[in-house]
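The values are calculated or read from the model by the stated rules, or taken from the named source; none is laboratory data. Everything quoted here is computed from the prediction, not taken from an experiment. Reconstructed Cβ throughout: ideal geometry from the backbone, glycine too, with neighbour counts over all protein chains shown. For accessibility, only protein heavy atoms count, side chains too; no ligands or nucleic acids. Shrake-Rupley method; radii C 1.70, N 1.55, O 1.52, S 1.80 Å.
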Amino acid sequence: MITVPLEPDRAALDTLGQASLRFIADYLDRLPDEPVNNPADARAVVGELLAPPPEQPGDLDALLRRLDHAAAYGLNPASGGYLAYFPANGLPSSALAEAIAQILNRFTGFAALAPGLIAMEHSVIRWFADLFGLPAQAGGLVVSGGSLATLPAVVAARDAHDARDGVIYVGEYAHYCVAKSAHLAGFRAEQVRVVPSSPDQRMDAAEAARLIAADRAAGRRPFLLVATAGATSTGLVDPLGALAEVARREDLWFHVDGAYGAPFQLTSRGRSLLAGIEQADSIVLDPHKSLFLPYGTGIVLVRDESTLRAAHTAGGDYLQDIEDGLGLPDYANLGPELTREWRGLRLWLPLHLHGVAAFRDALDEKLDLARWTYEQLAAEPRLELPWRPDLTVLEFRLRGRDASANERLLQRINASQRVFVSSTRIGGQYTLRMCPQGLRTHAAHVRTAVELIRAAL
Ligand SMILES: *Cc1c(COP(=O)(O)O)cnc(C)c1O
């Protein structure tokens, strides 16, 4: 029986650490052979897992076994066979960095209280800002995900344009987090306009310009144009250069939702596809998607840090002792959180430990996997592929068959428990969707996927 006191001494900490690391290493060893999806009825274990904590200490090994058992149910986005939605990976170096950061547990709302740690976090923000070609006065914030990163951008845009009565333009395939953020920021549903797509399913820049002009003529106040760089459903990148041009001409804030797609800026193929992103007033990206990090990592970047600050600075007498922090950002003044998790290390350590090239190479590999899979499926006459993937999302459906035939195809593929794909609607039509993007997804997985798809036709 292993028990650990509330304040562990060195020996107890070693025991706790070794048992935890053993758990992690055993899990990662087994992962390639585990089913990507375990749809077994979890009712029996759920009852047991809902038990309240005991009064007396529990046995660490027994508790970790219970965790292992609990994790065996449901869908596993960290599996190499996970090709649905967006894979997510819990990169070990980042997860362990997080444990260290949480044990340091410094207060990082104000730079003066942890200047060294804030410098590390700021170095990551600066690096991302440079990657996207934003100017020296750019800034940003690490929050828990793309949805939460979008809110400060919408609020900064609203305040920079003094536009509570203004109109926001989004594409047909924009993520709903934009409308949700707009709602939270006080906008009514009718203040969010959906710009139709061009026939290639990207936001139509000419239509955007036309809607903006019509709204202006009707006395409304267009102020924010939201492009998507890698739409959730389609994976496609909106024409960022043309949309940036519309936004500039019409004096709108230009926001790029790159939650999924923006990290591909690291690759040369991604960089040419994302041309125009350097004109953004704000960019959102999710390192917990395309940089393989654990869930809980989203970033908002703004062209001018002062716009975030103007929208989020508040004060309280209880903060009067806090000094200025060496010109480093006070993150409490750039977003809605005061006390915040120090999310810097979960980014900083993997980038420094593995080097940027490791991430670039991994993303290049995923682009290759998507292209290879596209070629294979496109050669299958019973399938219809509406377009060649921009990045790593590819779409396919049975040619000339209805939604229920395609739904049954999806079920047959996923019944394998070796790969897992999802579906969406494109122009109202049921379409299967796969995204070979996971850290642990390699050529063998997409080969298996293609074999399973062929066998299921
Ligand atoms: C996933 C996604 C989001 C939302 O991000 P969360 O981290 O899930 O909150 C926003 N936009 C796009 C394009 C996405 O793919």
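Data table
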| item | result |
| --- | --- |
| Condition check for I125: open to solvent by less than 50 Å² (accessible area, probe 1.4 Å), within 17 Å of the chain's Cα centre (by Cα) and more than 16 Å from the ligand (Cβ to nearest atom) | yes |
| Residues within segment 108-147 that are part of a helix (DSSP H, G or I) and either within 26 Å of L273 (Cβ to Cβ) or small (G, A, S) (or both), tallied | 15 |
| Residues located in segment 384-426, provided they are assigned to a loop (DSSP other than H, G, I, E, B), open to solvent by 30 Å² or more (accessible area, probe 1.4 Å) and closer than 25 Å to A40 by Cβ | A415, S416, Q417, R418 |
| Single residue of D61, D130 found to be more than 16 Å from the ligand (Cβ to nearest atom) and either in contact with a helix residue (DSSP H, G or I) (Cβ under 8 Å, 6 or more places away or on another chain) or under 18 Å from F292 (Cα atoms) (or both) | D61 |
| Among the candidates R158, R216, residue that is modelled with pLDDT of 95 or more, open to solvent by 60 Å² or more (accessible area, probe 1.4 Å), among the charged types (D, E, K, R) and farther than 22 Å from P386 by Cα | R216 |
| Residue identified as in a loop (DSSP other than H, G, I, E, B), among the aliphatic types (A, V, I, L, M) and under 29 Å from the mean Cα position of the chain (by Cα) among A70, A78 | A78 |
| Unmet requirement for R202, which otherwise passes all of (1) within 13 Å of the ligand (Cβ to nearest atom); (2) over 23 Å from G166 (Cα atoms); (3) among the charged types (D, E, K, R) | (1) |
| Lone unmet requirement of (1) touching a strand residue (DSSP E or B) at 6+ places or on another chain (Cβ under 9 Å); (2) over 30 Å from A12 (Cβ atoms) for A72 | (2) |
| Conditions (1) open to solvent by 20 Å² or more (accessible area, probe 1.4 Å); (2) within 11 Å of the ligand (Cβ to nearest atom); (3) of a type in the set (G, A, S): number failed by G146 | (1) |
| Single unsatisfied condition, L96 versus (1) of a type in the set (A, V, I, L, M, F, W, C); (2) surrounded by 15 or more Cβ atoms within 10 Å (Cβ to Cβ); (3) in contact with a Phe, Trp or Tyr (Cβ under 9 Å, 6 or more places away or on another chain); (4) over 14 Å from E341 (Cα atoms) | (3) |
| Checklist (1) more than 17 Å from A179 (Cα to Cα); (2) open to solvent by 10 Å² or more (accessible area, probe 1.4 Å); (3) more than 11 Å from the ligand (Cβ to nearest atom); (4) in contact (Cβ under 8 Å) with a residue 24 or more places away in the chain applied to D238, failing item | (3) |
| Subset of segment 274-293 (residues that are assigned to a helix (DSSP H, G or I) and open to solvent by 10 Å² or more (accessible area, probe 1.4 Å)) | E278, Q279, H288, K289 |
| Filter result for the condition that a residue is more than 11 Å from the ligand (Cβ to nearest atom), open to solvent by 50 Å² or more (accessible area, probe 1.4 Å) and not small (G, A, S), over P196, P222 | P196 |
| Positions within segment 241-268 being touching a Pro at 6+ places or on another chain (Cβ under 8 Å) and crowded, with 24+ Cβ neighbours inside 10 Å, in sequence order | L252, P263 |
| Residue that is least open to solvent (accessible area, probe 1.4 Å) [pool: residues in segment 305-342 that are in contact (Cβ under 8 Å) with a residue 24 or more places away in the chain and β-branched (V, I, T)] | T307 |
| The lone exception for L151 - which of (1) assigned to a helix (DSSP H, G or I); (2) over 26 Å from K180 (Cβ atoms) it fails | (2) |
| Close pairs (6 angstrom Cβ cut-off, 6 or more residues apart or separate chains): under 30 Å from S416 (Cβ atoms) in segment 40-67, open to solvent by less than 90 Å² (accessible area, probe 1.4 Å) anywhere | A42/Y73; L49/A70; L64/F23 |
